[in-house]
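The structure under discussion appears below in the form of structure tokens.
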Amino acid sequence: MSWGHLHLMLNHLPVLGAPALLALLAWGLVRGLPEVTRIALWGTVALGAVSGVVYLTGEAAEEMVEELPTFQEYLVERHEVIALWATVIVVATAAFAAAALWRSRREAPRPGLTRLVLIGLLVSTLAVGVTAWTGGPIGHPELRTVGLPGVEGSGRSAVLATITIAYTVVLPLDEVVAPKIGGPL
């Protein structure tokens, strides 16, 4: 097994973990269950560590696919830029979760920091979703027909409805990144 394989195996954990931890933390806060809240906070700390590993192994995964006939550099570059932002968001959320755990060592987790983690998990869920959406087409050329409005060759699908919010956030990056990587974001 290589670092690239590790990337391909672990990259699913943030995509599934962020919304699961968001739901678990929301449940713990709404029901007033400190044990559930603590478990969600510990899970968020672990998710931050896993997300860091996923980001750091991304270059090895790129090396695995760059010789394939379907390889397109701009897809990888777009994915790398978005993955960096998603990793920063998830790791920052994990840091807030660690702070919430540290401050509540002898008592129930405090609502202020815990709510901040809840918001961070919501943003993390969106960020890792967009990252996965941009990473999928790298190794799965059949997904490349599902694209962004206005990009030549893009198809329309139900995915666009879910991506609309993220697209408005990612679109400004196009002007900064696309000229450097030679393709649309």
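Readers should treat all values here as calculations from the given coordinates under stated rules, not as data from a laboratory. If you're wondering where the values come from, they're calculated on a predicted model, not measured in any experiment. In this analysis, Cβ positions are derived from the backbone assuming ideal geometry, glycine residues included, and neighbour counts consider all displayed protein chains.
Trypsin sites (Lys or Arg not before Pro) within the stretch 28-118: which are DSSP loop residues with at most 14 other Cβ atoms inside 10 Å? List each step's numbers first, then the result.
Values: sites: ARG31, ARG38, ARG78, ARG103, ARG105, ARG106, ARG115; in loops: ARG105, ARG106.
Sites meeting the loop and neighbour criteria: ARG105, ARG106.
With θ set to phi - 60°, apply the Karplus curve 6.51 cos²θ - 1.76 cosθ + 1.60 along the stretch 78-92 and write out the HN-Hα couplings as whole Hz, x wherever there is a Gly or Pro.
Result, rounded to whole Hz: 4, 4, 4, 5, 5, 5, 4, 4, 4, 5, 4, 5, 5, 5, 5.
When only DSSP loop residues count, what GluC sites (Glu not before Pro) in the stretch 18-107 have their Cβ near at most 14 other Cβ atoms within 10 Å? Before the final figure, lay out each step's value.
Values: sites: GLU35, GLU59, GLU62, GLU63, GLU66, GLU67, GLU73, GLU77, GLU80, GLU107; in loops: GLU66, GLU67, GLU107.
When the GluC sites (Glu not before Pro) of the stretch 18-107 are filtered for loop state and at most 14 Cβ neighbours within 10 Å, GLU66, GLU67, GLU107 remain.
What is the set of long-range amide H partners of ALA108 at a cut-off below 5 Å, with H atoms built 1.01 Å from backbone N?
Result for ALA108 returns nothing.
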